[in-house]
1. Could you pull out the residue among R303, R211 that is of a type in the set (D, E, K, R) and either under 23 Å from S150 (Cα atoms) or touching a strand residue (DSSP E or B) at 6+ places or on another chain (Cβ under 6 Å) (or both)?
2. Scan segment 206-220 and report the pairs whose first residue is among the charged types (D, E, K, R) and whose second residue is in a strand (DSSP E or B) and surrounded by fewer than 20 Cβ atoms within 10 Å (Cβ to Cβ), with Cβ atoms within less than 7 Å and a gap of 6+ or a chain change.
3. From the list R63, R117, pick out the single residue that is over 29 Å from L337 (Cα atoms) and at pLDDT 95 or above.
4. Quick check on this structure: which one of T320, T390 is surrounded by fewer than 16 Cβ atoms within 10 Å (Cβ to Cβ) and farther than 27 Å from P229 by Cβ?
5. Within segment 344-384, count every residue that is open to solvent by less than 10 Å² (accessible area, probe 1.4 Å) and in a strand (DSSP E or B).
6. Just for segment 223-281: of the residues that are in contact with a strand residue (DSSP E or B) (Cβ under 6 Å, 6 or more places away or on another chain) and acidic (D, E), which one is most open to solvent (accessible area, probe 1.4 Å)?
7. Considering A326, A292, A301, which residue is hydrophobic (A, V, I, L, M, F, W, C) and open to solvent by 20 Å² or more (accessible area, probe 1.4 Å)?
8. Consider A210 carefully, then state whether it is touching a Ser or Thr at 6+ places or on another chain (Cβ under 8 Å), among the hydrophobic types (A, V, I, L, M, F, W, C) and open to solvent by 70 Å² or more (accessible area, probe 1.4 Å).
Amino acid sequence: MNARGELGPAAPAIGRRGAILGGLGLLVAGGALSRLARRATPPAELEGPDENGLRLPRGFRSRVLARSGEPVLGSAMDYRWHPAPDGGAVFPTSDGYVYVSNSEVKEPGGGGVSALRFGRDGEIRAAYRILGGTTANCAGGPTPWRSWLSCEEHRDGLVWECDPLGERPAVARPALGRFKHEAAAVDGRRGHVYLTEDQPNGRLYRFVSARREPMSLEEGQLQVAEVRPTGQLTWHPLPDADGRRVATRDQVPASTAFNGGEGIWLSRHHGRDRVHFTTKGDDRVWQLDLAAQHLTVLYDAARSRDPVLTGVDNVTVSPTGEVMVAEDGGDMQLVALNEVGEPRVMLMLEGHDGSEITGPAFDPTGRRLIFSSQRGVTGESSGGMTFEVTGPFVG
């Protein structure tokens, strides 16, 4: 990387108090999963595909913001959008907002992060790189101080802190561990960072900063979660966050395995701080109450009579508090989950069968949603496409 950051199981049993989840033996209080199967909200009625191949509810519209390998806004800019767009987030600015997008190119040094800068009117003003020379930048997460944590998804992967404006060079944060990172969620109130690991026996990690005001990502303790049968979390210090001699997931025998950790997002609604994350190996969406350090399952495809959501991957939370889950495969849908895990289809991409939906994020008004199709239209060689959907997300 240069100084400018340029790219070079068997079904589990049901007990009286709830569902015992296979593998973890985790109790879901009150039988929420069985209620979900009975009360699942039917998918929203979607219109036929528009000119961009998107099926949307009535009153919504779409446009293509960028295509991999092509100049952003055609000839108006010479910056060519990166291949394999993945995790993303939006950051407000004094005159609009910035959308950052990872590039999950797996060839060594071929990944990185690009950005689109918008005015208040939603029109693109600039496009540029904020990280380069890295590998398999999958998802990540925003920080409260408006930087982007970009996660490398490979054996020796690091987390890179990036400036969405591109004014400062990106910096590696090795204190957040060396492993197959997927995504990160920052709890600035408590000085914690939660991290997922994309392995069939991956772990859930927490970084506890040595300094909270301002919060530091340079010094602190990396911990790994053990989930008790009640859903309560116990955090164990990792002996070696570097993980090159012994993989981090193998260092604490008491820690709990998660089947393919994917997207993770922190939200605050109705006075509650929660983290939601997904695991692709068992198609689950998890909910962690940060104050209580108590973990439950919000959605489990295996327990749904009609599994609307499959192939769970990237996740964000809407301005109204719905958990928005993007599908990797499945029906190429973005699905909203309400407070009790009832699914509602928000959009569907047609003609992108070999792709996945990535990087969903809302603009500061909550009326524009940006996301990507990582590999684009089936059979085309142009690669990824980044879209914007505008509509009454917030009523």
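1. R211
2. Going by the 7 Å Cβ cut-off, the qualifying pairs are R206/W235.
3. R117
4. Testing whether each residue is surrounded by fewer than 16 Cβ atoms within 10 Å (Cβ to Cβ) and farther than 27 Å from P229 by Cβ leaves just T320.
5. Of the residues in that region, 13 qualify.
6. Looking at the filtered set, the residue picked out is E226.
7. Being hydrophobic (A, V, I, L, M, F, W, C) and open to solvent by 20 Å² or more (accessible area, probe 1.4 Å) holds for just one of A326, A292, A301, which is A292.
8. The answer is yes for A210.
The values are calculated or read from the model by the stated rules, or taken from the named source; none is laboratory data. All values derive from a computational prediction rather than experimental measurement. Glycine gets a Cβ as well: all are built from the backbone with ideal geometry, and neighbour counts include every protein chain shown. In case anyone asks, the SASA skips ligands and DNA or RNA and just uses the protein heavy atoms, side chains included. Shrake-Rupley method; radii C 1.70, N 1.55, O 1.52, S 1.80 Å.
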